[in-house]
Amino acid sequence: MPGDKSLELLAEQDKLESKNRSYPRGIPIAFESAKGAIVKDVDGNTFIDFFSGCGVLNLGHNNKDIVKNIGEFPDGIMHSLDFPTNVKISFMKELLSALPEKMQGKYKISFGGPTGSDAVEAAIKLARINTGRHTFLSFQGSYHGMTMGALSVTSSLKHRDKVNPLIPGVHFMPYCSCYRCPMGINNKKCNFECIHFIKNVLENPHSGVDKPAAIIIEPIQGEGGTYIPRYGWLEKVVDLARKNGVIVIFDEVQAGFYRTGKLFSFQHTNAVPDIITMSKGIGGIGLPLSLILLRKELDTWEPGTHIGTFRGNQLGMAAGLSAMKFVKRMNIEDYVSKLEKVFFKELKAIQKKSKFIGEVRGRGMMFGIEYVKNKKTKEPFPELAKEIRRLCYENGLLVEIGGYYDNVVRFLPPLIISEKIARNGLNIFNNANITASKIVNSKPE
């Protein structure tokens, strides 16, 4: 692989599409069809999908229930700007009713453009409107999108290269990424030193940082390498923000919509935000849709303050409504919790046999396997992660790479993947690790 037909389409793509494309460079494949957790390329090769379109296809490719429901979409209107429709009202009611009990009746929905970046843009704009302040605190390892505002609160220097200056007044705080503690503290001796750092920034009159409009944070970092903060950390961040009159934005674009077994990843904690960004999985079967949830007291928009031509995507809302009902009907939350145990057990066994897997992290169906050259020094091993991805692809498994140093293999399988298919994928992953380790060990020092 890639097969002849894939090579032909990849060559055509190279002629027609800009150099901006990225995924086919690491996984050279041309898709033809997909169902559930299985993808087929134009050469007839089949792949187990542990990536789900970067966490978009939470309920699988071409979920037959959702496809059937939107196929019966009433002859009415596909695009309605922000006019009300029965589908839109039903979707909003379904989503708001799914919020945790302590959030019930306290939030409203605002639609914007169709992507996660659009949701982030709306959130940071709303924070500025409500506070009259322009500064933001974000976090090292964060990813919030590629439009200029979203990129401004994204930490990757690679993404920011050559497009500065971005929005001024963004300061990046240390994230609770304990395996690579930004404060240099041994995990066993951690006393939330990163919280003390943030507290100093917010409360020290000589911190040099103007009081921010908002803190924007991923409750679980996705592209950063699936870092999950210590229990209690997120609550401490929120408490600090509330004490200092700072709005809290949780970016749930990737970790949300049941990816971790709950509607939102922050529900594994006691923290509650003021604004939540949503996209990706909320579109049901990959249809573009994004929104923010906001506390009612923050609904200070003037009419038309934040608009978007495609904020009225009726088909996306119909798919989102069907997806919400599917999750309840099929008891997806419990199923994800069950599968999480299967993945962890197998991944921990693979880690135990490997000299190069420094840590396995995950929650629900969101995993990161971090590769290092030496488990003691934790020197990143991005070359091995890339080799693992190649071997997986060549043997029928699709995974991607992320992490601060591009040394983390990331899993984002469909939440509906069967245990049998999941185990087959994990077996391919195990064999890829064995083969890659042999290649590394055979190379001269």
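None of the figures in this text is laboratory data; all of them are computed from the coordinates on show. All of these numbers come straight from a predicted model, not from anything done at the bench. Backbone-built Cβ (ideal geometry, glycine too); neighbour counts: all protein chains shown.
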Legend entry - Karplus 3J(HN,Hα) series, Hz, for the stretch 422-430 with 6.51 cos²θ - 1.76 cosθ + 1.60 (x for Gly, Pro): 4, 5, 5, x, 5, 5, 4, 5, 4
Inset, instruction - Could you pull out every residue, at least 5 positions away or on a different chain, whose amide H is within less than 5 Å of the one on residue 416? Hs are placed 1.01 Å off N in the peptide plane, and Pro or chain starts have none. - result: 60
Inset, instruction - Would you mind computing Rg(Cα) / (2.2 N^0.38 Å) for the stretch 73-329, counting N as its residues? - result: 1.00
Legend entry - Cα-based shape type of the stretch 124-240, given that a ≥ b ≥ c are square roots of the gyration tensor eigenvalues and the cut on a/c is 1.5: oblate
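Output the Kirkwood hydrodynamic radius of the stretch 197-329, Cα pairs only, in Å rounded to one decimal.
16.5 Å
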Inset, instruction - Please turn the phi angles of the stretch 246-262 into ³J(HN,Hα) values with the Karplus equation 6.51 cos²θ - 1.76 cosθ + 1.60 (θ = phi - 60°), one per residue in order, whole Hz, x for glycine and proline. - result: 10, 5, 10, 10, 9, 8, 10, 4, 9, 7, x, 6, 6, 4, 9, x, 10
Inset, instruction - Output the peptides 359-372, 321-334 sorted from most to least packed, where packing is the average of other Cβ atoms within 10 Å over each peptide's residues. - result: 359-372, 321-334
Legend entry - Efficiency of FRET from Cβ geometry, residue 108 and residue 73, R₀ 35 Å, rounded to 0.05: 0.85
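Once you charge only the Cβ atoms, +1 for Lys and Arg and -1 for Asp and Glu, what is the size of the charge dipole of the stretch 73-329 about its Cα centre, to the nearest 20 debye?
Roughly 540 debye, rounded to the nearest 20.
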Legend entry - 5 angstrom amide H check on residue 32, placed H, neighbours 5+ away: 40, 41, 42
Inset, instruction - Tell me the label-point distance for the pair residue 206, residue 355, using the 7 Å Cα-to-Cβ offset, in nm and rounded to one decimal. - result: 5.1 nm
Inset, instruction - For residue 133, list long-range residues whose amide hydrogen, built 1.01 Å from N in the peptide plane, is under 5 Å from its own amide hydrogen. - result: none
